[in-house]
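Taking it in order: structure first as structure tokens, then the write-up.
The values are calculated or read from the model by the stated rules, or taken from the named source; none is laboratory data. Since we're looking at a predicted model, the values are computed, not measured. Note that we place each Cβ from the backbone using ideal geometry, even for glycine, and neighbour counts take in every protein chain shown. The protein model used for the area step is the full one, side chains on, heavy atoms only, and it has no ligands, DNA or RNA in it. Shrake-Rupley method; radii C 1.70, N 1.55, O 1.52, S 1.80 Å.
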Amino acid sequence: MSSDANTPVLRNCIRLPLPEEELLEVTAKAKDYAIMHGAAMRSKTAFSQDSLNFAPFVLVPSSFPRKEFEKAVALQPIINRLMHNVAHDEEFITTTLAETIKVDEFTANLFNIYRKVLAHGFTQKISLGMLRSDLMLESGCPELSPRALRTTAGEDAAADVGKGAGTAAAAAGTGRKEEEKEKEKEEQKEHRENQLSRATKERERRATGIQSAYCCWKQVEINTIASGFGHLGPASKTIQRFVLSELGHADKLHNMPNNNALAGLCDGMVKAWDIYAKPKAVILFIIEDVSYNICDQRFHEFYIRETYPHIKVLRRTLTDVHREGKLGLAKELLLGTQEVAVIYFRAGYEPGHYHSQAEWDARYLMETSLAIKCPSIHYHLAGTKKVQQALAQPAVLERFINDPEEIKAVGKIFTGLYSLDDNEAGNASYEMALRTPERFVLKPQREGGGNNVYGVDIPDALKRMSRVERSAWILMDLIHPPLTKGYMVRPGGDMPPQIVDMVSELGIFGVVIGDAEHIVHNYQAGHMLRTKLSTANEGGVAAGLGALDSPYLIDSDDDDEQN
């Protein structure tokens, strides 16, 4: 990710910099507060099961346009339904991934499981989708600040003059002094001038192509497996609420939206458990061999145990399931003597989680079982980059969404996504990437961060691939988000922290439960915000590249910073 002097900047929620003494004190408090409230991770460099570091976090919340946040929240149930319909369209998944599975061994292994399960019929027709739709603001889009977008100031000014006239009349009736009325007239005049100035600036911005910080958002990707930060999302808000209060800005807290992601996601698992309808059955978490991001997993388990103490949660690796798991007479999944109602995959999304054929056999065993999977194998495949690239084509959306307004709304959020298959369209995309690589990101069929190729590195990466190998990748337009400025606090980092330029990625959680014919639950389930240095390409917190954050909702980029 890169930025230049023309990159727009979202205004801060409070005025920065902070006095050094105050900054040192509040940062030290915030670090301890983070650890004591579960915003923590195990160190990858000095790993110990018995110790935690606080997770990197941004000291005060980053600004985010209220209108765009609310649009993303409202759109999530539609995206849930879209992905549910995609997952249940065998022809679409098979056709879309036909070239990819020839050269991407990992996706091919997943697809082989899908093909075998299809051949025998799904034992469990219900799927649980716990999705996260990741998005970034695009400062190059035409949807700017609600104030700046008014093409004429007349309406606004007239409305405000009317308000002023009413106020003046009421004041006259109570004997307001003449100088007060004159002052009000001056304020009305100043407001009209400001409106005209904003309208003029907007026309100039549109004419010159200057970008706006208050801008529309674009889809980065949709995660259908291991959609993390259900705990760390709300936890980051807890830290930043504490910091703002300590700094004397408790009046700002109402601009930080409620975030019940942990409850929303865990309740989704419990709803699936209820559908399974076996009181003694357990919920199984599939985990990595080593869990660095332990708080974001354990808090899900602890929430379920504390809120629904009659439901037991187990944690097992794929290797454990291969060793302990078997199918019962009704194809129920048994771990020892315990029947599994719901399987929640926090691992299984990258090749390194499958050490041998044993782990693949375990995945197949679970897919053929009666347990409700999150995700089922078809949901997992629906989340591949190749499928999402195909969905970015307007004609394809019509296959899965009936409402024209919903098609339009979803279509607007997709940025440019291009196939690299060995055909006319794919070859044209290949040549385009070689000519102007700075415009793009090259993405493989992988989750977990750290896999993408950016900008000037793209030509060499593409030239190393054969025509066939290219089909395992897609090309995406590079999004140009506005900057925010703030303090990023990291374990072992500078004290006091320095103000840095940052960019953010918002994730909206969704839960959808149903079969091919019916959706029984569909709702938006909270959010998370990850923020990274503006110079960093990747932004995963678990990968050590980003920081926890939460949105501070603003209504315009024309307002001054708040004191």
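Points worth noting:
- Per-residue extension of 0.36 nm, minus the Cα-Cα distance of Thr95 and Phe302, leaves a gain of 70.4 nm for this segment.
- Around the amide H of Leu478, modelled in the peptide plane, lie the amide H atoms of Phe440, Val441, all under 5 Å away and 5 or more residues distant in sequence or on another chain.
- When only Cα pairs below 8 angstrom with a gap of at least 6 residues are kept, the range 379-473 shows a relative contact order of 27 percent.
- Note on Gln498 and Phe242: with the Förster distance fixed at 25 Å, the Cβ-Cβ geometry gives a FRET efficiency of about 0.70.
- Alpha-carbon centroids, the range 454-477 and the range 290-352: separation in whole Å: 37 Å
- Averaging the sequence gap over all C-alpha pairs within less than 8 Å and six or more residues apart, then dividing by the number of residues, gives the range 461-516 a relative contact order of 26 percent.
- Accessible area ranking (1.4 Å probe, heavy atoms, ligands and nucleic acids excluded), largest first, for Arg323, Arg464: Arg464, Arg323.
- Shape call, the range 5-86: gyration tensor on alpha carbons, a/c limit 1.5: oblate
- Overall form of the range 375-517 per C-alpha gyration tensor (a/c, 1.5; a/b vs b/c): oblate
- Here the gap between Arg490 and Asp457, fully extended at 0.36 nm per residue and compared with their Cα-Cα distance, gives a gain of 9.1 nm.
- Convex hull volume of the range 353-426 per residue (C-alpha atoms, cubic angstrom): 158 Å³
- DSSP-assigned coil residues among trypsin sites (Lys or Arg not before Pro) in the range 251-285, each with at most 13 further Cβ atoms within 10 Å: Lys280
- Taking every alpha-carbon pair under 8 Å whose residues sit at least 6 apart, the range 247-322 reaches a relative contact order of 37 percent.
- Subtracting the Cα-Cα distance of Asn427 and Met465 from their residue separation scaled by 0.36 nm leaves 12.4 nm.
- Note on the range 284-422: percent of Cα-Cα distances in each 5 Å bin, starting at 0 and stopping at the bin with the largest distance, equals 2, 9, 15, 16, 15, 12, 11, 12, 7, 2, 0.
- Accessible surface, 1.4 Å probe, highest first, among residues Leu253, Leu391: Leu253, Leu391
- The overall shape of the range 230-341, judged from the alpha-carbon gyration tensor, is prolate: a/c is not under 1.5, and a/b is greater than b/c.
- Under the simplified labelling scheme, the Ala358-Ile294 pair shows an inter-label distance of 2.4 nm, with each label point 7 Å from Cα along Cα→Cβ.
- Above-threshold pairs, the threshold being 25 Å between Cα atoms, out of Lys116/Lys218; Lys218/Lys532; Lys67/Lys218; Lys71/Lys385: Lys116/Lys218
- Each residue was assigned an accessible area with a 1.4 Å probe, and for Asp501 the value is about 50 Å².
- Remark: the range 234-290 is approximated by an ellipsoid whose semi-axes, taken from the C-alpha gyration tensor as √(5λ), come to 36, 15, 7 Å, largest first.
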